[in-house]
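Undergrad: Let me begin by handing over the structure; questions about it come next.
Laboratory data are not the source of any read-out in this text; all were calculated from the coordinates shown. The model shown is predicted, which means the values in this text are computed figures rather than measured ones. Here the Cβ is made from the backbone with ideal geometry for all residues, glycine too, and neighbour counts use every protein chain on show.
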Amino acid sequence: EQGYDFGDGDNDPTAENPHGDFVGRSILYMADLLAGQNSPKVRIMPLKVMDKKSQITVFNVTCATVFAVRHGAQVINYSMGGYGGYQDILAAGINTREEGDCLPAIVTSAGNDSIDISVLPHYFSNLRDSLPEVITVNAYQTNPNDTYEMAPYSNYGNNVDLTITGEALYDTYPYTDV
């Protein structure tokens, strides 16, 4: 797929904020690294939801989600989130699949506000209440003595499924903050 920019309403999903692109490149790299010579045919469907003013609307996210589901996405990565009661709208978007289509896995950030998201619901993390396909990820950091602990900025809670490093991530793109 060529992709689409739901934030600006055009066919150019090139991001002004490089975070989503970085996550996409990381996914491709890890798929190649883990599969070795038998690398699966991993493809990225670039769908941008942030506009040029760095605004994200539930409408744009829902439109991109429906697009991804209807075009056969097997994994949807939400490298964003927030607080509020939007999970029903987003769940409806995810559930637009047609008969015979599989429901994609949903990978989402737990957020970066140092709060317990089992107390203050964070979307997209709290989608797992209605969609078991949701995988919520938070971050850890390495201490000077090579021990690990949850990153002080990372959200936490009983609905976090996976913890990954949140520091010392490298990329080939020439920017300094992802």
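Undergrad: What residues qualify as long-range amide H neighbours of Ile135, i.e. H under 5 Å apart, gap of 5 or more or another chain, H built at 1.01 Å from N?
TA: Ile106, Val107, Thr108
Undergrad: Once phi is turned into θ = phi - 60°, what whole-Hz ³J(HN,Hα) does the Karplus curve with 6.51, -1.76 and 1.60 give for every residue of region 121-127, x standing for Gly and Pro?
TA: Couplings: x, 10, 8, 9, 4, 7, 5 Hz.
Undergrad: According to a simple spin-label model (label point 7 Å from Cα along Cα-to-Cβ), what is the distance in nm between Ile115 and Tyr83?
TA: Label at Tyr83, label at Ile115, 0.2 nm between them.
Undergrad: Full-extension gain between Glu133 and Ile164, please, as 0.36 nm times their residue separation minus the C-alpha to C-alpha distance.
TA: Extending this stretch completely gives an extra 9.3 nm.
Undergrad: Same structure, new question: DSSP loop (so not H, G, I, E, B), at most 13 other Cβ within 10 Å: list which trypsin sites (Lys or Arg not before Pro) in region 6-80 pass both filters.
TA: Sparse-neighbourhood loop trypsin sites (Lys or Arg not before Pro): Lys41, Arg43, Lys52, Lys53.
Undergrad: Please find the FRET efficiency linking Ala105 to Asn145, where r is the Cβ-Cβ separation and R0 is fixed at 30 Å, and quote it to the nearest 0.05.
TA: Rounded to the nearest 0.05, the efficiency is 0.25.
Undergrad: With the Cα gyration tensor of region 43-84 in hand, give its eigenvalues times 5 under a square root as the equivalent ellipsoid semi-axes, listed largest first in whole angstrom.
TA: 19, 11, 10
Undergrad: Gain in length, Met30 to Lys53, computed as 0.36 nm per residue apart minus the alpha-carbon separation, to one decimal in nm?
TA: Length difference between fully extended and current span is 5.2 nm.
Undergrad: Each residue of region 66-79 in order: what ³J(HN,Hα) in whole Hz does its phi give by Karplus 6.51 cos²θ - 1.76 cosθ + 1.60, θ = phi - 60°, with x for Gly and Pro?
TA: 4, 4, 4, 5, 6, 9, x, 4, 9, 9, 10, 9, 9, 8
Undergrad: HN-Hα J couplings of region 5-15 from phi, Karplus 6.51/-1.76/1.60, θ = phi - 60°, integer Hz, Gly and Pro as x?
TA: In residue order, the calculated couplings are 9, 6, x, 10, x, 9, 8, 10, x, 4, 8 Hz.
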